[in-house]
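Here is the structure we will look at.
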Amino acid sequence: MYSAAAAAAASPPRRDFISVTLSPEEAVGAGGYNNSKAWRRRSCWRKWKQLSRLQRSVILFLFAFLAVCGVISYTSMGEPWKSLTNKSLDDQRTETEIPGLKLANPAVLPAPQKADANLGDYPELSPQKLQKLPHVRRGPSNLQIKPPRRDVKLKTRHGTSRVVEELNQADKEEKTEKSVISWRGAVIEPDQSTEPPSSKIKESEKPSSVEDVDQKEPVPINERQMAVIEAFRHAWKGYKDFAWGHDELKPLSKSYSEWFGLGLTLIDALDTMWILGLKEEFEEARKWVSNDLVFDKNVDVNLFESTIRILGGLLSTYHLSGDSLFLEKAKEIGNRLMPAFKTPSKIPYSDVNIGRGTAHPPRWTSDSTVAEVTSIQLEFRELSRLTGDEKFQKAVDEVMKHVHTLSGKNDGLVPMFINTNSGQFTHLGIYTLGARADSYYEYLLKQWIQGGKKENELLEDYVRAIEGVKKHLLKRSQPNKLTFVGELAHGHFSAKMDHLVCFLPGTLALGAHNGLTADHMKLAEALIETCYQMYAQVETGLSPEIVHFNLHAQKGHKDVEIKPADRHNLLRPETVESLFYMYRFTGDKKYQDWGWEILQNFNKYTRVPTGGYTSINNVQNPSNPEPRDKMESFFLGETLKYMFLLFSDDIDLINLDKYVFNTEAHPLPIWAPA
Ligand code: DMJ
């Protein structure tokens, strides 16, 4: 083993090298291992003395050199290290704190000057404003409602993408929050936009429910409303158990039927669930819409039916819930329906293949139904307003303008068919307010209301048509002198009235409420009495599909006659719809009582014990009403919704100065206040 001591003894005294090695022998010495401090000090000193002068100088120099290096490197490396430490803390804060909290809860904001400066740069994004973004939206408290994307399109000069990210992050965080939110439709304020789509799109993309916070105590639900909720739950149970995701429930055979294969009942019922406060059901249905509602299907759908039920249902649910999922779906179906308008006359075809993007009239004709082509406007106009894409509104406005100019009307009354090639009315001379024409009249008034009562042509056509009804179609029955709306065929009056016509009292009342003459209200009162009698005079207390009124008094005859082919009841809404309007505008409790009778009779004759309600074949036979084994989607979309609203004393539960119902009972915002 080579040691310093041995080297020193064997070599000449002047050495050019240094070797410092600790040998165990030396360390331990003869006495073995001795670790005492005194011995170590002595031993080190002895060693030091044994070193040559040169060796000692070199060692001292080395120590001094290392000491100087140490001091220098400490001062030069300290700063970066310090800043690195601080930076990583900042980073942590940025990642874990800023996105949600900066927007939703300034109290826990980190206070980086940078962040404040950014907000200051963009007044639109001041903390107060940001809190107003739809993070706190009305709706079921545990629904994970995502604010509409357009909120992130707030104008920024150069910070857009960062803001977008932050808002997105805030969205995500919001999803985990349990907020205290009123669930009820009663408190929802629609967006009062004042301008048509072209100039107001981004701002008006706001759903109706976004801005306002509950101002007043919620009105408690009464017993009759509870009964409606119970009825809805029973209907929903059947649908859920046997028809989930399909178009209609067949409650007796415990199966389903498909019409378009688009979950029609589920979509039609969404906003009803929202209004009734059925949180769990809504959530479950929302999941289906999110995961399973697919429009890319090779399927023919009817333009009118899919517009009023699907597009209308999605738009109103978007407005009530503020959930952008429904707007996205509405946009998609809206786009897929557009090929219907590619016709020589621009009067749309009745059918569209939403997967292929093709459209066609029914196989036997190139005609479309007048009510169908003129009752899609509320929905497409609203879609334009929300998306900023004018094509939807343009297409449907063109239809209205064209129909406005057409000849073949009779004092404002329109025929039932219109040709998609020529754009002219066909089958002239037949006038009805029932099937194939009904909602033309309804949508004249409602478009005028939706657009802020500015579109005079619509109002003119409506008022003229009501005059036409009075002149040509109104008569009184015997023995009770019920005022009813009949039909005209080539100059011959028929005392036939569809149950569908019972939308008219409600529409007339709505017109009177919006400033039309008092005789509209008078007529509404007379007609709703008639519609009620169409139930009350029948053995089951349920109206048939069509009645004929007696014009001449005959002993033992009632006002209402029913033909065997017409004695079915499809759970239709029109009478309860009108009862709702009448009660809203008059406060007369008899309308609620009439509606209550009707609900009880639905429960008595159409309720299927295992879940669901069924249409029936014979309203005249209480012992066997002959169930038809089908629950129409409008029973949930319309009938039960209108019942619930009828029994409510809260005028803000879908306020009629803020919302206008489409013909499938889906409320859409009125664009401007009167
Ligand atoms: C619904 O689809 C709509 O109310 C439409 O306007 C007429 N028919 C049914 C209800 O009866």
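Of the listed requirements (1) free of Cβ contacts under 8 Å to residues at least 12 places away in the same chain; (2) over 22 Å from residue 582 (Cα atoms), residue 476 misses just one: (2). Each residue in the range 254-312 was checked for being among the basic types (Lys, Arg) and either within 16 Å of the ligand (Cβ to nearest atom) or touching a residue at least 60 places away in the same chain (Cβ under 8 Å) (or both), and 4 of them qualify.
To keep it simple, each residue is scored yes or no on (1) modelled with pLDDT of 95 or more; (2) surrounded by fewer than 20 Cβ atoms within 10 Å (Cβ to Cβ); (3) among the small types (Gly, Ala, Ser).
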site	(1), (2), (3)
371	yes, no, yes
374	yes, no, no
380	yes, no, no
386	yes, no, no
404	yes, yes, no
408	yes, yes, yes
423	yes, yes, yes
429	yes, yes, yes
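For the range 464-475, a residue qualifies if it is crowded, with 18+ Cβ neighbours inside 10 Å and either closer than 27 Å to residue 671 by Cα or of a type in the set (S, T, N, Q) (or both), and the qualifying residues are 465, 466.
Restricting attention to the range 476-520, the residues that are touching a strand residue (DSSP E or B) at 6+ places or on another chain (Cβ under 8 Å) and at positive phi add up to 1.
Do any helices (runs of 4 or more DSSP H) lying entirely in the range 337-407 carry at least 3 residues that are over 21 Å from the mean Cα position of the chain (by Cα) and free of Cβ contacts under 8 Å to residues at least 60 places away in the same chain, and which ones are they? Because the criterion is at least 3 residues that are over 21 Å from the mean Cα position of the chain (by Cα) and free of Cβ contacts under 8 Å to residues at least 60 places away in the same chain, the helices (runs of 4 or more DSSP H) in the range 337-407 that meet it are 391-405.
Residues 446, 454: which one is more than 17 Å from residue 373 (Cβ to Cβ) and outside any strand (DSSP E or B)? Write out each step before concluding.
Numbers: 446 fails: more than 17 Å from residue 373 (Cβ to Cβ).
The conditions single out 454.
The residues on offer are 249, 266, and the sole one that is crowded, with 24+ Cβ neighbours inside 10 Å and touching a strand residue (DSSP E or B) at 6+ places or on another chain (Cβ under 9 Å) is 249.
Set side by side, the residues 242, 282, 326, 260 differ, and just one is surrounded by fewer than 24 Cβ atoms within 10 Å (Cβ to Cβ) and in contact with a Leu (Cβ under 9 Å, 6 or more places away or on another chain), which is 242.
Checked against the criteria, residue 320 does not count as in contact with an Asp or Glu (Cβ under 6 Å, 6 or more places away or on another chain), within 16 Å of the ligand (Cβ to nearest atom) and over 13 Å from residue 368 (Cα atoms). Of all the listed residues (536, 518, 509), the sole one being over 20 Å from residue 634 (Cβ atoms) and touching a Phe, Trp or Tyr at 6+ places or on another chain (Cβ under 7 Å) is 509. Suppose we keep only residues that are outside any helix (DSSP H, G or I) and of a type in the set (S, T, N, Q) within the range 416-441. Which one would you say is nearest to the chain's Cα centre (by Cα)? It comes out as 420. When each of 668, 656, 636, 640 is tested for being outside any helix (DSSP H, G or I), within 16 Å of the ligand (Cβ to nearest atom) and either in contact (Cβ under 8 Å) with a residue 60 or more places away in the chain or closer than 30 Å to residue 255 by Cβ (or both), the lone residue that passes is 668.
The values are calculated or read from the model by the stated rules, or taken from the named source; none is laboratory data. Please read these numbers as outputs of a predicted model, since none were measured by experiment. Cβ sites come from the backbone with ideal geometry, for glycine too, and all protein chains shown count toward neighbours.
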